Structure formats: C-alpha cells, structure tokens
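These notes are about the structure you will find just below.
The values are calculated or read from the model by the stated rules, or taken from the named source; none is laboratory data. Note that the coordinates shown come from a computational prediction; the quantities given were computed from them, not determined experimentally. All Cβ positions, even for glycine, are placed from backbone atoms using ideal geometry, and neighbour counts span all protein chains on display. SASA here: full protein model, heavy atoms, side chains in, ligands and nucleic acids out. Shrake-Rupley method; radii C 1.70, N 1.55, O 1.52, S 1.80 Å.
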Amino acid sequence: MERTTFSVLYYIRRTRLNRNGEAPVFLRLTVNGVRVDANLKKTVKPEQWSSAKGKAIEKDRYTKELNLYLDSVKLRIMKIQRDMEVDGEENITAQKVLDRYLGKGLPERHTLVELFEQHNEKCRKLSGIDYAPATVQRYETCLKHIKQFLKKEYNKEDIYLDEVNRQFIEDLEFWYKTEKECSHNTTTKYLKNFKKITRLAISKEWLKSDPFREIRFHLDDVERDFLESHELKILIEKTIDIPRLAQIRDIFVFCCFTGLAFSDVKQLTSAHISIDINGKKWIRKARQKTKNMCNIPLMDVPLQLIEKYKDHPDCIIKGTLLPVLSNQKMNAYIKEIGIICGFNKSLSTHTASIQFATYTLANGVSIESIAKMLGHSNTKMTRIYAKVLDSTIMKEMSRIESF
C-alpha cells in the first residue's frame, strides 16, 4: 500500500494588510505533494509572526490564543485525514480533507433536541388520535429531562445526533438514578422513550449506529400494594371532614369497584353508561390507553357515587360523571387519605385497578372476564394481578406454617 504524505503549515500574506496593518493567516495543507490553501479568517501583525516556525510570536494574550487556535485546527485536520484512512476512503486528496474540515459536501448534521422537538410536535397533533394524552406528556417530560441532562453534564443546550453514543446512554442512565433519584423501572421507561428518538434518527439516516445496540431492557418485579377487604371497608366508612380529600376518596373508591384507570374515569360521561335488557347499568367505554372496549357492570357503590356527584359544578360544566382532578393531585391526596386511614401502604390511582382485579379474582371471577372489564388485549397483563393475589395467599399461609 502506497504511503500517504501529509503536512499542515501556516503562513501570512504580508502584501494583503488590512487597515490595522494586520496580515491574514493562511492554512496550507499538502497531501502527496499536492497542496491547497485556505484563509483562516484570522489576522496578525507581520512583526508578530515567525515565518520559520509558522506561528505567532507570543508576546501578548492575542498571539497566545491565536497559536492555540492554530494548534486545534491542525489537530482537527489530522483527525479527519486519519478517519478517512480508517474508513478505507480511496484517493485521499488535500482538497477532500480541506472540504471535510470546512463541512463541504457532507450531509447536514441534525441535533438531538431538534429531532426530539419535531417528534413531540407530531405527537401533540396526534394526541387523542394515535397517542393518548398521557403518552404525549411522557415524551414531553423525557425531553425536559434530556435538556436538563445536557446542561448539567455537558454544559450545552443541544448536541449533534452523531455524538449520541453508548457512553451517552450509560451516563444518562446514571444521571436518572442519581440526580433524579429514579428507580430502576422508572429509569428504564424513560430510556425506552429515548430509544424511540434514536430509532427515528437512524431511520432518517441522521445517525449511523444504534447507541442502544446490545443494551437489553428489563423491569424488576414490583410488590404491588392493594387493600384487603376490611381496609376497603374502613376507607369507604371513614369520616373525612376535608372536602377535597373526601371527594378524592370517593373517586378512588369508584375506581376500586370499576377498575377504571385515571384517564378513563376523568373522561367518563353519561354517554358511557348503558342499560341492558334486565335494567342493569354498565360502563361501556373504549380504554384511553389500549383503545379496547371495556364492559363493566355497575355495582351499588359506584352507582351511589354517580348519583352523589350528578349536581357537582365541575361535572355540570365539563359534562362528566365525577369531579376528577389532575393525576398529580389525585396521587398526592390519595397518599394523605391512606395516612388518615392508618394504611401502611403506597396508594395511587393505579392501586384502584389492582384492587379491582385482585378483589374480583378472589371472588371467583375468571381472568378472561376481568381482562375484558379492564380493557386488556389478552390475559397476559391480567395475570400480573393474579400473581399479586398468589403472593398475598403465601403471606397469609406462612402465618400458620408453624402449627
């Protein structure tokens, strides 16, 4: 293989002085005896330039900074030439190396935040069509985190997509678990959201290699809390004098007896209530998350709650059956209610779905019927709740193991 000769030097043109008496600094790049010159858009006084050394004579701050700049340009050009050789590029010329340095003839470089914002804008327009509002919000939150991460770890507002590599992903994961104090499962969910953005970049050919290659996601098993029958009775009968907490308690109880998720109960209207030939009322509604139709018979408790709030101002204005607040407030207030009731359990809006599934399972309702009521596409997700019930049985049985 023929050896490539390569050199980089600098010179000034003393015949082209500007009005300040400064000469322009030029780069001369030579490859295999063929050279090209380029104006670096820098100037220096002729008496401050050493032609023998090809750099400025360091007498002040400006000349020192100029030499540092020239050194950085040389290093970047040498790296470009090495990269071209490593990539197996044929017929490397001085002009090709210079063009690569100047960014000529290269595809436009796109940035991470640019692509993420494009993606989120499309999601917002498709909210309620192809994406659930909660999904759109999750991507918005993920972008906010990425901006925080870039500012904290890189001191940048944005980076080019080709700078997103395996190390970036590992650093992001570490940042989530330390700075944001996210659990393993929460971190994994955010990384999955971010992975969609990198896949999109690859499909657009804005990113050559997959930074998630060889990274496998897994979620840790989580012990899901739910209320025992006596605890649910305590919750229903507990006297709560604070109106906002009493209201949230009622909505939480409604979800416990229907299995509706937060987004579904928030959207629940009279149009979702139907009456069968026997006069029984049902909730028939497409689940917000899965779009699957759920069919839930209404028992006495949820029917009483619908009647209780039929004249509530929020329900009248919004046309809904229950006055549901934001998910954030719901979760905060539910935790307060749990403390008031003396429950040593982590309660949230999601607990209600678990409560419904475990309660119906314990009372002999088939997994297939529960999956239908919860709007699950199949029983795979529903069986998670069955595992919760099994673990409870084991705990209870262990108490009599010594007999």
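Quick notes on this one:
- Looking only at the range 121-132, and only at residues there that are in contact with a helix residue (DSSP H, G or I) (Cβ under 7 Å, 6 or more places away or on another chain) and surrounded by fewer than 16 Cβ atoms within 10 Å (Cβ to Cβ), the one that is farthest from ILE77 (Cα to Cα): SER127
- Residue within the range 163-184 that is in contact with a strand residue (DSSP E or B) (Cβ under 8 Å, 6 or more places away or on another chain), open to solvent by less than 90 Å² (accessible area, probe 1.4 Å) and at pLDDT 90 or above present: no
- Flag: LEU303 matches the condition of being open to solvent by 40 Å² or more (accessible area, probe 1.4 Å), aliphatic (A, V, I, L, M) and out of contact with any helix residue (DSSP H, G or I) (no Cβ under 6 Å at 6 or more places or on another chain).
- Taken over the range 210-238, residues that are open to solvent by less than 90 Å² (accessible area, probe 1.4 Å) and either touching a His at 6+ places or on another chain (Cβ under 9 Å) or at pLDDT 85 or above (or both) amount to 14.
- When the range 347-365 is filtered for residues that are of a type outside the set (Ser, Thr, Tyr), at pLDDT 80 or above and open to solvent by 10 Å² or more (accessible area, probe 1.4 Å), the ones remaining, listed by number, are HIS350, VAL365.
- The criterion of at least 1 residues that are within 30 Å of ASN278 (Cβ to Cβ) and of a type outside the set (Phe, Trp, Tyr) is met, among helices (runs of 4 or more DSSP H) falling completely within the range 297-365, by 300-308, 313-318, 349-362.
- Checked against (1) touching a residue at least 40 places away in the same chain (Cβ under 8 Å); (2) over 22 Å from SER209 (Cα atoms), GLU153 passes all but a single condition, namely (1).
- Taking the range 1-120 as the region of interest, none of the strands (runs of 3 or more DSSP E) fully inside it holds 2 or more residues being open to solvent by 50 Å² or more (accessible area, probe 1.4 Å) and on the phi > 0 side of the Ramachandran plot.
- Within the range 42-96, the set of residues being among the hydroxyl-bearing types (Ser, Thr, Tyr) and closer than 23 Å to PRO24 by Cα comprises THR43, SER50, SER51, TYR62, THR63, TYR69, SER72.
- Whether a residue is modelled with pLDDT of 95 or more, β-branched (Val, Ile, Thr), more than 28 Å from ALA286 (Cβ to Cβ) and open to solvent by less than 20 Å² (accessible area, probe 1.4 Å) was assessed, and ILE146 passes this test.
- Tally, over the range 150-174, of residues that are touching a Phe, Trp or Tyr at 6+ places or on another chain (Cβ under 7 Å) and closer than 25 Å to GLU205 by Cβ: 3
- Number of the exception - ASP241 against (1) under 32 Å from the mean Cα position of the chain (by Cα); (2) open to solvent by 80 Å² or more (accessible area, probe 1.4 Å): (1)
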